[in-house]
There are 2 protein chains.
Amino acid sequence: MNKDHLYLAKLRDYYANTGVFPPYSGIAKLIGMRSKGGVSAMVKRLANAGYLDVTSDRRIKPQKSFFERELFDYVQAELPQSANDTLAEPYSIDEYLINTPSRTVLLTIKGDSMIDAGLMPGDVVIVKKGAPAKVGNIIVAIVDGEYTVKYLEARDGQYYLRPANKAYPEIYARDHLEIFGLVVGSFRKY
Amino acid sequence: MNKDHLYLAKLRDYYANTGVFPPYSGIAKLIGMRSKGGVSAMVKRLANAGYLDVTSDRRIKPQKSFFERELFDYVQAELPQSANDTLAEPYSIDEYLINTPSRTVLLTIKGDSMIDAGLMPGDVVIVKKGAPAKVGNIIVAIVDGEYTVKYLEARDGQYYLRPANKAYPEIYARDHLEIFGLVVGSFRKY
DNA sequence: CATCATATAGAACTATCGTTCAATATGAAA
DNA sequence: TTTCATATTGAACGATAGTTCTATATGATG
């Protein structure tokens, strides 16, 4: 068992903070090595394992696996903090939430009209532009030139928008309901 | 008026795709300059403007402003226009939500005890292990060997757990309240 | 304990990086 | 147009990066 996962953890923290990797001498200091040669070997191992990529101009590039996180299960609560975390699955948040980057847009929730759907003011929703929406889906519609996040509903063959908050009225389009995109996810930072 | 904002745009795109900056010769090619000297000057300008930072070991580091535009533009730029969307790359949600990967863990919400806080069953919370928690924060505690996500509250100098759902009772620890970590964010997929 | 594979130390080496500076280009203001 | 400030070119320079190789350390396994 080698210490590469420890090194990887430090590299991840450093990169998350700075957005850059240090030079090999700096990495050595960071992970507690004394030689650049050792770093070079370690980087190659992490590259082989799919976490990093070394470009032709000798720069370290993070790969997908570099951003994977551990998804814990409730069951594991009793388990002591073992070094081996085989029970936690790797998980990439961006990959999980977004699969068509070019058609995907982020939008910040304003107001509490969707609060019963768990969308609080300040939450960011992930919107897939032009995706087909069904009744019951949360969508982004354009009403009076403004974007609105609401449930898409239908009555008597006519679509309308329903907020997830009884304090707000349902919205009926005059003639045509303009749908901007489908809400496929959301996130929030405390 | 100089072209720095164009250069910045290209650097942003490149960085969003790769997670790294090219060497100055590569930047020159990228932005259509013919000399590294010009790049050097341009980088200094962008650093002065607060977008970049040049470290003592001559590495280019993105600053906060470097990422600002993307979130901002996504929210606002989309509003007036509806079709014009070549400003590609989504900024990394992962980067936004997580800054200490090694101490960060994901946990799936079970049940609706935190539903008034906008945490629905199936949502994933981002937990910073061992982070200091204050009263009013949402935390992950270990109760009877299971993870529980609740508000941390205090009464008469004693900590207890409060669900965000009136149908659930408050939880008082027998002797010691074991806190696993602090909830710093959450996300959800529809 | 001895053996073997792998990881790290350390130093020497070369490529390449970013800096610098003078000359030139660009472009706004008068 | 002329003037003036700023941007860019291009080449030379020194510094430092990462590679490489050997020796040593580490640590697992028998």
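When only residues in the range A:167-189 that are among the aliphatic types (A, V, I, L, M) and in a strand (DSSP E or B) count, which is farthest from A:Asp144 (Cα to Cα)? Applying the filter and picking the extreme gives A:Val184.
So which residues in the range A:51-71 are under 16 Å from the mean Cα position of the chain (by Cα) and either on the phi > 0 side of the Ramachandran plot or more than 7 Å from chain B (Cβ to nearest Cβ) (or both), if there are any at all? Selection gives A:Gln63, A:Lys64, A:Ser65, A:Phe66, A:Glu68.
Looking only at residues in the range A:122-134 that are assigned to a strand (DSSP E or B) and over 20 Å from B:Met120 (Cα atoms), the one that is least open to solvent (accessible area, probe 1.4 Å) is A:Lys129. Residues in the range B:1-17 that are part of a helix (DSSP H, G or I), within 12 Å of DNA strand D (Cβ to nearest atom) and more than 11 Å from B:Ile27 (Cα to Cα): B:Asp4, B:His5, B:Leu6.
Checking the structure you have, find out if any residue of the range A:77-87 is open to solvent by 70 Å² or more (accessible area, probe 1.4 Å) and modelled with pLDDT of 90 or more. No: the range A:77-87 contains no residue that is open to solvent by 70 Å² or more (accessible area, probe 1.4 Å) and modelled with pLDDT of 90 or more.
Here is a check on your reading of the model: is B:Gly157 open to solvent by 20 Å² or more (accessible area, probe 1.4 Å), farther than 22 Å from A:Ile93 by Cα and more than 9 Å from every other protein chain (Cβ to nearest Cβ)? I'd like the intermediate steps shown before the answer.
Values: open to solvent by 20 Å² or more (accessible area, probe 1.4 Å): yes; farther than 22 Å from A:Ile93 by Cα: yes; more than 9 Å from every other protein chain (Cβ to nearest Cβ): yes.
Judged against the criteria, B:Gly157 is a match.
Among the residues of this structure, B:Leu119 does not count as one that is crowded, with 17+ Cβ neighbours inside 10 Å, in contact with a strand residue (DSSP E or B) (Cβ under 8 Å, 6 or more places away or on another chain) and assigned to a strand (DSSP E or B).
Can you tell me which residue in the range B:166-189 is least open to solvent (accessible area, probe 1.4 Å), limited to those that are among the aromatic types (Phe, Trp, Tyr) and modelled with pLDDT under 95? Filtering first and then ranking leaves B:Phe180.
Mind checking whether some residue in the range A:35-50 is within 13 Å of chain B (Cβ to nearest Cβ), more than 11 Å from DNA strand C (Cβ to nearest atom) and open to solvent by 30 Å² or more (accessible area, probe 1.4 Å)? Scanning the range A:35-50, I find no residue that is within 13 Å of chain B (Cβ to nearest Cβ), more than 11 Å from DNA strand C (Cβ to nearest atom) and open to solvent by 30 Å² or more (accessible area, probe 1.4 Å), so the answer is no.
Search the range A:11-21 for residues being within 7 Å of chain B (Cβ to nearest Cβ), without any contact (Cβ under 8 Å) to a residue 40 or more places away in the chain and not hydrophobic (A, V, I, L, M, F, W, C), and hand back the single one that is most open to solvent (accessible area, probe 1.4 Å).
Narrowing the range A:11-21 to residues within 7 Å of chain B (Cβ to nearest Cβ): A:12-13, A:16-20.
Those left that are additionally without any contact (Cβ under 8 Å) to a residue 40 or more places away in the chain: A:13, A:16-20.
Now narrow it down to the ones that are not hydrophobic (A, V, I, L, M, F, W, C): A:13, A:17-19.
Working: A:Asp13: 31, A:Asn17: 112, A:Thr18: 24, A:Gly19: 7 Å².
Result: A:Asn17.
I'm checking my understanding of the structure. Among residues of the range A:135-147 that are assigned to a strand (DSSP E or B) and modelled with pLDDT under 90, which one is farthest from the other protein chains (Cβ to nearest Cβ)? The selected residue is A:Val143. Among the candidates A:Gly37, A:Gly26, A:Gly111, the residue that is outside any helix (DSSP H, G or I) and modelled with pLDDT of 85 or more is uniquely A:Gly111.
The values are calculated or read from the model by the stated rules, or taken from the named source; none is laboratory data. Bear in mind that the values here come from a model prediction, so they are computed numbers and not experimental data. Every residue, glycine among them, receives a Cβ derived from its backbone with ideal geometry; neighbour counts consider all protein chains shown. Ligands, DNA and RNA are excluded from the accessible area calculation, which covers all protein heavy atoms including side chains. Shrake-Rupley method; radii C 1.70, N 1.55, O 1.52, S 1.80 Å.
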